[in-house]
Amino acid sequence: MAPALFSRLVTLASSLVLLSGLAVLWRHSLAAYIRTFARQSFLIVLAILLIAAQERDVRLCVVAALVLVIKVVLIPRVLHRVQRHVAADFEIHPYVNTPLSLVIAGALTLMSYAVAAPVVSLADLPTRGGIPLALATVFVGLFIIISRRSALSQIIGFLILENGIALLAVLATFGVPLIVELGVFLDVLLGVLVMQVFVYRIRETFDTIDVDRMKDLRH
Amino acid sequence: MIPYLLEALQCLLTLTLAPGLIGLVRLLKARLQGRRGPPAWQPYRDLAKLLDKERVVSTQASWIFHATPHLVFASTLVVSLLVPLVAAPLPFDRAGDLIVVVYLLLLGTFFLALAGLDTASPFGGMGASREMTIAALAEPTIALAIFGMGAGAGSTNLGEIVARTLAHPEATLSPGHLMAFAALFIVMLAECGRLPVDNPATHLELTMIHEAMILEYSGPPLALLEWAAHMKFFLFLSLLSNLVCPWGVAVELSPRTLALAVLALVGKLVVLAIAVTVLETRLAKLRLFRVPELLGVSFILALLAITSSFLVR
């Protein structure tokens with residue numbers, strides 16, 4: 001593949017990853033959040049495969065397969081089960097309303113361009129165009145965590161943040177050692193399983209998964 | 001001389017093909033919904049029928065009401081001279097770029113809203129207020145998306161953008177280009193009164209926007225307004241298709257390349273019409289209060305398009 005075409009494709013994949021993160025800000029249904037997360041992870045698989053094909057790196061193919069199994073299939077399945085189980089269909093009244101969320105997300109993207117500018121101008125990687133976009137995905141994930149009320153949406157926010165970090169790692173380093181990747185994946189998987197237990201507990205205690213209600217614990 | 005004949009050809013194509021495009025969308029939609037639907041040439045018949053009827057005008061109507069159909073029709077027709085439908089360097093390119101195109105279309109919208117208010121019918125006022133709400137939200141998005149497209153090509157001139165894209169085909173894969181396309185597509189749905197924003201098939205007073213404004217019109221003025229709405233849809237679709245996928249647009253003039261360009265245009269329009277139809281069949285109309293959210297999405301897309309065009313070179 002020609003280097004120019006390769007770098008365009010990588011930038012395109014990164015912006016699609018960011019866009020699917022933004023899609024969460026617009027949708028209202030929790031099932032749609034989970035599907036969006038699965039789609040975003042699939043886009044990351046494509047980005048990793050693209051880099052693997054360019055670098056002829058077998059290890060990256062293994063990483064892509066792991067992402068496919070864990071983030072596209074396993075975690076969404078777990079989350080769908082949780083969502084059905086706690087019978088929560090919609091994100092109710094986020095702290096920040098939709099149009100404002102979108103504007104804030106736009107500002108976060110601009111900010112990440114500003115923050116990443118020195119890195120991008122120093123790097124001579126063909127993938128440098130995607131670095132600010134991956135960073136913006138991290139910020140958007142963080143923003144989802146702080147602006148949504150339901151525990152499930154916050155998990156999705158965490159996973160989107162994690163996706164941003166994974167994309168950043170693969171864009172900036174062309175794959176960290178396999179052992180590190182394995183550690184991260186296990187971490188995420190265990191994190192989701194533990195959080196799933198928490199969601200069940202919150203639901204049991206408060207009859208809702210609105211984490212705002214946890215303030216009641218102070219009294 | 002020849003280039004000006006080309007402009008005449010573009011005008012003629014817009015006038016003749018636009019009702020057919022709408023007819024095609026209606027037919028496809030009917031088929032997708034399991035109805036037989038009227039044939040694709042039904043809009044031509046409707047226009048002929050309306051042009052033949054008498055006009056009924058309220059005694060309260062001012063000159064705005066009389067002038068609006070002509071103004072809307074004329075401004076849309078002028079746009080057809082500026083959009084590269086079949087050939088890329090047009091002689092009128094010097095007269096106006098993408099910004100002129102967009103604001104000519106908005107001029108029509110503005111007068112339509114005024115005409116809706118003019119006769120003081122409650123529906124007209126309602127439609128006008130809704131239309132203005134949407135136009136006010138759509139306008140910054142269009143401006144940003146244009147600058148996104150323009151920043152990639154280094155010019156806001158439509159002919160220039162198309163020629164640049166033909167010369168550098170890999171530029172179509174750049175995220176700025178694609179996101180600007182998506183933003184413009186959403187704005188197109190809003191501006192042309194297509195489904196998630198306005199239902200073009202309904203006369204239900206609580207949901208309609210475009211229909212509410214033209215409710216007071218009858219006969220030939222109504223025909224002009226309908227025809228202008230068809231042309232606006234046609235022009236938006238051909239603008240989108242030629243900006244994103246300009247292949248087939250004639251760069252040098254010969255009968256063969258022109259014939260090819262017309263065929264390519266029809267082909268691209270059919271593909272886009274199918275896309276719009278499928279989208280409209282799958283989507284329900286958004287609640288009016290969620291329309292700003294949709295346009296917010298489109299605004300963000302345009303913003304991302306422009307940042308990635310400017311900051312990633």
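The values are calculated or read from the model by the stated rules, or taken from the named source; none is laboratory data. As the structure is a prediction and not an experimental result, all values here were calculated from the model. A quick note on method: Cβ atoms are made from the backbone with ideal geometry, for glycine too, and the neighbour counts reach across all protein chains shown.
Within the option set B:V291, B:V270, B:V244, being surrounded by fewer than 22 Cβ atoms within 10 Å (Cβ to Cβ), touching a residue at least 24 places away in the same chain (Cβ under 8 Å) and more than 14 Å from every other protein chain (Cβ to nearest Cβ) holds for one residue only, B:V270. If you check B:I64, B:I99 for being in contact with a helix residue (DSSP H, G or I) (Cβ under 8 Å, 6 or more places away or on another chain) and over 20 Å from B:F234 (Cα atoms), only one passes: B:I64.
Being charged (D, E, K, R) and either outside any helix (DSSP H, G or I) or free of Cβ contacts under 8 Å to residues at least 60 places away in the same chain (or both) is the requirement here; does A:D187 meet it? Answer is yes for this residue. Just one of the listed residues (B:F73, B:F92) is more than 15 Å from B:Q10 (Cβ to Cβ) and touching a helix residue (DSSP H, G or I) at 6+ places or on another chain (Cβ under 6 Å), and it is B:F73.
Set side by side, the residues A:I145, A:I179 differ, and just one is without any contact (Cβ under 8 Å) to a residue 24 or more places away in the chain, part of a helix (DSSP H, G or I) and in contact with a helix residue (DSSP H, G or I) (Cβ under 9 Å, 6 or more places away or on another chain), which is A:I145.
Residue by residue, here is whether (1) among the hydrophobic types (A, V, I, L, M, F, W, C); (2) free of Cβ contacts under 8 Å to residues at least 40 places away in the same chain; (3) at negative phi holds:
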site	(1), (2), (3)
A:A13	yes, no, yes
A:L25	yes, no, yes
A:Q40	no, no, yes
A:A47	yes, no, yes
A:V58	yes, yes, yes
A:I70	yes, no, yes
A:L79	yes, no, yes
A:R84	no, yes, yes
A:N97	no, yes, yes
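Inspection of region A:56-73 finds no residue satisfying the criterion of being crowded, with 23+ Cβ neighbours inside 10 Å, within 14 Å of chain B (Cβ to nearest Cβ) and farther than 22 Å from A:F198 by Cβ. Only a single item in (1) touching a strand residue (DSSP E or B) at 6+ places or on another chain (Cβ under 6 Å); (2) of a type outside the set (G, A, S); (3) under 30 Å from B:L304 (Cβ atoms); (4) crowded, with 20+ Cβ neighbours inside 10 Å is not met by A:R149, and it is number (4).
Taking region B:162-181, which residues are more than 10 Å from chain A (Cβ to nearest Cβ), in contact (Cβ under 8 Å) with a residue 40 or more places away in the chain and among the hydrophobic types (A, V, I, L, M, F, W, C)? Residues satisfying the conditions are B:V162, B:A163, B:L166, B:A180, B:F181. Within region A:101-129, residues that are away from every other protein chain (no Cβ under 11 Å) sit with their Cβ atoms under 9 Å from residues that are part of a loop (DSSP other than H, G, I, E, B), at 6+ positions apart or across chains, in these pairs: A:L125/A:F174; A:T127/A:F174. Taken together, the residues in region A:190-213 that are of a type in the set (V, I, T), more than 19 Å from A:P76 (Cα to Cα) and part of a helix (DSSP H, G or I) amount to 3. Residues that are out of contact with any strand residue (DSSP E or B) (no Cβ under 6 Å at 6 or more places or on another chain), at pLDDT below 85 and β-branched (V, I, T): does region A:35-56 have at least one? No; the residues of region A:35-56 include none that is out of contact with any strand residue (DSSP E or B) (no Cβ under 6 Å at 6 or more places or on another chain), at pLDDT below 85 and β-branched (V, I, T).
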